[in-house]
1. Could you list, in sequence order, all residues of the stretch 119-153 that are farther than 16 Å from residue 94 by Cβ, without any contact (Cβ under 8 Å) to a residue 40 or more places away in the chain and part of a loop (DSSP other than H, G, I, E, B)?
2. All but one of (1) touching a helix residue (DSSP H, G or I) at 6+ places or on another chain (Cβ under 7 Å); (2) under 25 Å from residue 98 (Cα atoms); (3) modelled with pLDDT of 95 or more hold for residue 155; state the number of the condition that does not hold.
3. Identify the single condition in (1) loosely packed, with under 13 Cβ neighbours inside 10 Å; (2) within 16 Å of the ligand (Cβ to nearest atom); (3) outside any helix (DSSP H, G or I) that residue 34 does not satisfy, given that it satisfies every other one.
4. Of these, 44, 28, which one is on the phi > 0 side of the Ramachandran plot and loosely packed, with under 15 Cβ neighbours inside 10 Å?
5. Could you list, in sequence order, all residues of the stretch 264-280 that are more than 15 Å from the ligand (Cβ to nearest atom) and surrounded by fewer than 20 Cβ atoms within 10 Å (Cβ to Cβ)?
6. What is the residue count in the stretch 111-150 for residues that are more than 16 Å from residue 181 (Cα to Cα) and more than 14 Å from the ligand (Cβ to nearest atom)?
Ligand code: GUN
C-alpha cells in the first residue's frame, strides 16, 4: 500500500507556480491577483479562505479578501461580484460556499464572469469541461486528477466508482475520469443516495472516489484488494482530545481499508491540499490568459 501524499504534491506544484510567477514578473508582466468573497463567519469557510490566501502568498500572487456579514442582501453581493468582474486588477475570484439561505447560490455563480471563474462553477465552464474544451476545471476534481497523474495510477480501461453526485465533486470528477486521454478513459459508475447494491458495485471498482460526506462510509468489505481509494470527505467530528474540539473525518474507514489498497489518500493531507493548489493553478491560467483570451 502506498499513501498518496497530497500535501507533498501540492507543495511541489505551488513551487512550480511560484517559479512561473517569477518569470512572468521578470518579463515585465503583472503579478496574478485572486480575490475571495466570504459571507458570514462559518468556521469551515473561514479556514478554507485563510488557507487560500496563504497559498496565494506561497505562489507569489496578490490576494484580496472581501467580507460581508451573513445578513448581506443578495443584491449587495451581486453588486460586489459585478465590481470584481469589471476590475482589471483581478484575474480571478471566488465566492466561498455555502452561502446563507436567503441568497441564491446559483444566481451568484451565474453572475460571476466565466472568464474569471477560477472555481470552475459557472455553467459555461462546467459545460466546456463536459465536452472537453479549454475551461477552468473545478478545483477538487482537477486536484484528484493531478494526484492520479503524479502517482502514475492506471485509469485507462479501469472501473471507477464515484460515490456522491454533487455539482462540485461527484459529477465533474466522473466527467473527467471518463474523458479521452490520461488520466481518463475509465469506465465510470456514479452512486448516490438512491443507488441499490452500493457494496457490490464498489467491490468491482479499481478506483473508488468517495465524496458523499458520510464519515467512514467505505468499509473494508466494499473494496477490492489492490484498488485505489481517493477520500474526498472532510466532515468535522467532535474530538475533545484536540485543541480545536474537532477532527476531520474522511468518507473511508481508513484503518481497515488502507491495508487492502494499492494507493489511498489520507484525511487530512490527501485531496484537501490539492483543492487549494488547483485554485492557484486556475488563477495562474487566468492571469496568463491561457484558457480564454
Ligand atoms: N466550499 C467548499 N468547497 C468550495 C470550493 O471549492 N469553492 C468555493 N467557492 N466554495 C467551496
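1. Answer for the stretch 119-153, where residues must be farther than 16 Å from residue 94 by Cβ, without any contact (Cβ under 8 Å) to a residue 40 or more places away in the chain and part of a loop (DSSP other than H, G, I, E, B): 131, 133, 152.
2. (2)
3. Single failed check for residue 34: (1).
4. On inspection, the qualifying residue turns out to be 28.
5. 266, 269, listed by residue number.
6. Of the residues in the stretch 111-150, 8 are more than 16 Å from residue 181 (Cα to Cα) and more than 14 Å from the ligand (Cβ to nearest atom).
The values are calculated or read from the model by the stated rules, or taken from the named source; none is laboratory data. All values reported here derive from a predicted model rather than from experimental measurement. Glycine also receives a Cβ, built like all others from the backbone with ideal geometry; neighbour counts cover every protein chain displayed.
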